[in-house]
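The values are calculated or read from the model by the stated rules, or taken from the named source; none is laboratory data. For clarity, every value in this text was computed on a predicted model and none was experimentally measured. Cβ sites come from the backbone with ideal geometry, for glycine too, and all protein chains shown count toward neighbours. All accessible areas refer to the heavy atoms of the entire protein, side chains included, with ligands and DNA or RNA removed. Shrake-Rupley method; radii C 1.70, N 1.55, O 1.52, S 1.80 Å.
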Amino acid sequence: MEHEESPAPAATEADAAAEALQPRPIRAWPGLLLVGVYWAFSLSLNLRELPISTTFLNTAGACALLTLLFPIWWLVNRTVGLGDRLWSLLALVLGAAAAIVASRQTMGTISVLLFGLPVAFTAWSVGLLIARWTSRRYLRAGLILASSLIWGFVCLLRMDGLTGDLKPDIRWRWSPSDEDVYLAERSQNAFEAADGSQAAALEVRPGDWPAYRGPQRNGEVRGLEISTSWNAQPPKLVWRQRIGPAWSSMLVIDGRLFTQEQAGEAEAVVCLDAETGRRVWTHEDAARFWDSQSGAGPRATPAFAEGCIYAQGATGILNCLDAATGKVRWSRNVMEDSGASLPMWGFSSSPLVAEGVVIAYAGGKADKRLLAYRTADGELAWTASAGPTSYTSPQPAEFGGKPQALFLSDLGLVALDPATGKECWRYDAATPGVWRAVQPAVLGPADVLIASEDLGTVLLKVSEQEGRWNAERKWSSRAMKPGYNDFVIYDGFAYGFDGGAFCCLDVKTGKRRWRRGRYGRGQTLLLADQGLLLVSSETGEAVLLEATPEAHRELGRFQAIEGKTWNHPAIAQDCLFMRNDQEIACYRLHGSSETSVSP
């Protein structure tokens, strides 16, 4: 009996040896945990109201951490053969590189990586889970195929920018863009420029809009009263038409409207008839700027002075043009003159004309970050130091009867003598590399209010003693943290955006009075004679509010234009002008019954 039962141990040893040769089950849970944490964190960012810069940096940081940890885990995952690990990782890297090259002009490098890598890692983890329950015979081929399909799919997409809350506008690559549609329409309806050789010089009339954010560059409209019964009788459309992409605002001088646009490979300054929308003249430069977050086109708003238009494009070209004819008087390139690099979102600073010079921000080397050119001939008059990063514009001010030019950058606020470039005073508030884009507001003879996402809102008191200037902080508050949305001041209160919500801030104390109204990342103007606020929403609506600290009171709204609207609106001669990267329109605010014009 013992002899007959002796083969049993041998069988057990054989089974053990066979079992030892069997591969261990694929370990997939660490990868699933990594991608699960990533997507949960990304969802939480979207649900929370965080500053744009914080959301962007956190999203990029989370993607970078996932991109670091996932390959490390994959390379040490011994439940998968070494050859499978190396080949599939190589396929991921090569696929990403090919997608970046193929989608550089439709998605952009950053967008390809932020969108493609998390999706690839997620598909990878799910594939491992499936392979755990099935045969691993085709694991390597499956992972390489999945990676190829994901990156190939990315190459089929086009991203037409982000919303203010960083939500992508994804379309098929081959679908016509708004710019394509505009260029096709423009080619079919080519305009004939009028003979401007005898055109009279343009002059600013009462009620015109001759500068960025209005006559004082502070978003205020004076000398105008409008109808407030918008719900019953909204403003009447005068004209509305397509325009090339740009985030520039508009000037209205002597019956002419000036703005900028991108027209294919040409960056253009355009002049329209303000009453009809018909094109009067166009000046084009062979230049094109595009980024995946904001799209194509110029960002800055032109300036007008003594019959000339001064316009800075996104690639650094600064033109002085005859406002009546569009003829070039002189042209410079601030990037070349300062040694600057092209900013992430292009040159966005709107030039300021003061004391016989036009001041432009370049962000160049050392003391060549602010440049002033003589308006007469374009020769460089002076250069000055500021922070290396900024998307704000020089702001005119006057303290102690002396004109000054204020400029907010990542190093803080600096005040310069516009005639000489000499520094008058500065307020240090350094956050190196942060993108500040909100204009300072001069409140009176000695107070300045500055704001940004990182600073919140800060009130400064400016003083002079024996020829020496000083700026000290009176208070700072986190109650209003605008990203790139300028605010206005009325009767001791600031009205503007705190993230995606509109709010009212007490200028004396820095305390918030109310925070209501969801208008995306829009812009606002003040109609000072009536105490009204006109808000242009991110979706193209015009909204009328009462400027009161008591409560958020909306008087009416209407859809003015379609599409993402970041551009500042303009009001001139009782007309509201709104534009974005697709459309431009004119509405009469008095609610008259004039017939609309479609040029």
Point to revise | Cα-centre dipole for the chain with unit charges at Cβ (Lys and Arg positive, Asp and Glu negative), debye to 20 | key: 840
Exercise for review: Could you tell me which label, among (i) 108, 53, 43; (ii) 112, 77, 57; (iii) 120, 61, 54, carries the value of Cα extents along the principal axes in Å calculated for this structure?
Suggested key: (iii)
Exercise for review: With a probe of 1.4 Å, find how much accessible area the stretch 442-599 has per residue, and write the answer as a whole number in Å².
Suggested key: 37
Practice item. Would you mind computing, in nm to one decimal, how far apart the modelled labels at residue 69 and residue 476 are, each placed 7 Å from Cα along Cα→Cβ? Key: 3.2
Practice item. Answer rounded, prolate or oblate for the stretch 326-432, using the Cα gyration tensor with square roots of eigenvalues a ≥ b ≥ c: rounded when a/c is under 1.5, else prolate when a/b is larger than b/c, else oblate. Key: oblate
Check your understanding: Roughly how many nanometres apart are two label points built 7 Å out from the Cα toward the Cβ at residue 173 and residue 430?
Key -> 4.5
Review point. Using a 1.4 Å probe, how large is the accessible area of residue 431, given in Å² and rounded to the nearest 10?
Key: 50
Exercise for review: Quick one: compute the contact order of the stretch 478-594, relative version, from alpha carbon pairs under 8 angstrom and 6+ residues apart, as a percent.
Suggested key: 16
Revision key, fill the gap. Zone reached by a paramagnetic label modelled 7 Å from residue 422 Cα along Cα→Cβ, restricted to the stretch 365-383 with backbone N below 16 Å, covers 382-383
Point to revise | Heavy atoms of residue 63: accessible area, 1.4 Å probe, square angstrom to 10 | key: 10
Point to revise | Inter-probe distance in nm under a simple model that places probes 7 Å from Cα toward Cβ, at residue 366 and residue 461 | key: 3.8
**Study point:** Cα lying deepest toward the dipole's positive end in the chain, options 395, 252, 305, charges on Cβ
**Key:** 395
Practice item. Rank these by accessible area, largest first, 1.4 Å probe: 42, 341. Key: 341, 42
Review point. Between residue 276 and residue 229, what FRET efficiency comes out of the Förster formula 1/(1 + (r/R0)^6) with R0 = 30 Å and r the beta carbon distance, rounded to 0.05?
Key: 0.65
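Rounded to the nearest 500, what is the chain's calculated 222 nm mean residue ellipticity when only DSSP H runs of at least 4 contribute -39500 (n - 2.57) each, over all residues? All intermediate terms of the calculation are to be shown ahead of the outcome.
Numbers: 9 runs with 141 residues, N = 599.
Computed ellipticity for the chain at 222 nm equals -8000 deg cm²/dmol.
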Point to revise | Nonlocal amide H pairs with residue 517, under 5 Å, H built at 1.01 Å | key: 502
Check your understanding: How much length is gained on full extension from residue 119 to residue 48, taking 0.36 nm per residue of separation minus their Cα-Cα distance?
Key -> 23.3 nm
Revision key, fill the gap. Taking a label point 7 Å from the Cα of residue 90 along Cα-to-Cβ, the residues of the stretch 108-149 whose backbone nitrogen sits under 16 Å from it are 140-145, 147-148
Revision key, fill the gap. Carbon/sulfur accessible area of the chain, % of total, 1.4 Å probe, equals 54
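Using 0.36 nm times the number of residues separating residue 377 and residue 156, minus their current alpha carbon distance, what extension gain do you get?
74.7 nm
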Revision key, fill the gap. At R0 = 51 Å the Cβ-Cβ FRET efficiency linking residue 508 and residue 149, nearest 0.05, sits at 0.25
Practice item. Working with all protein chains in place, sort 228, 259 by solvent-accessible area computed with a 1.4 Å probe, largest first. Key: 228, 259
Practice item. Provide the per residue accessible area, probe 1.4 Å, for the stretch 78-169, rounded to a whole number of square angstrom. Key: 50
Check your understanding: Tilt of helix 7-21 relative to the longest C-alpha principal axis of the chain, in degrees (0 to 90, nearest 10)?
Key -> 20
Review point. If one computes the Cα centroid of the stretch 119-182 and of the stretch 32-48, what distance in Å separates the two points?
Key: 18
Check your understanding: Pairing the Cα long axis of helix 178-188 with the longest principal axis of the chain, what angle in degrees results, from 0 to 90 and rounded to the nearest 10?
Key -> 50
Exercise for review: On a 0 to 90° scale, report how tilted helix 52-75 is relative to the longest principal axis of the chain, with both axes built from alpha carbons and the result rounded to the nearest 10.
Suggested key: 20
Review point. Counting only the heavy atoms of the protein chains, how much of residue 590 is accessible to a 1.4 Å probe, in Å² to the nearest 10?
Key: 90
**Study point:** Efficiency of FRET from Cβ geometry, residue 104 and residue 493, R₀ 60 Å, rounded to 0.05
**Key:** 0.80
**Study point:** Lysine pair count for the chain [Cα-Cα under 24 Å; pairs on different chains or 8 or more apart]
**Key:** 19
Point to revise | the stretch 286-355-the stretch 476-515 distance, computed between alpha-carbon centres (Å) | key: 30
Exercise for review: Write out the GluC sites (Glu not before Pro) in the stretch 438-516 meeting two conditions: DSSP loop, and at most 11 other Cβ atoms within 10 Å of their Cβ.
Suggested key: 466
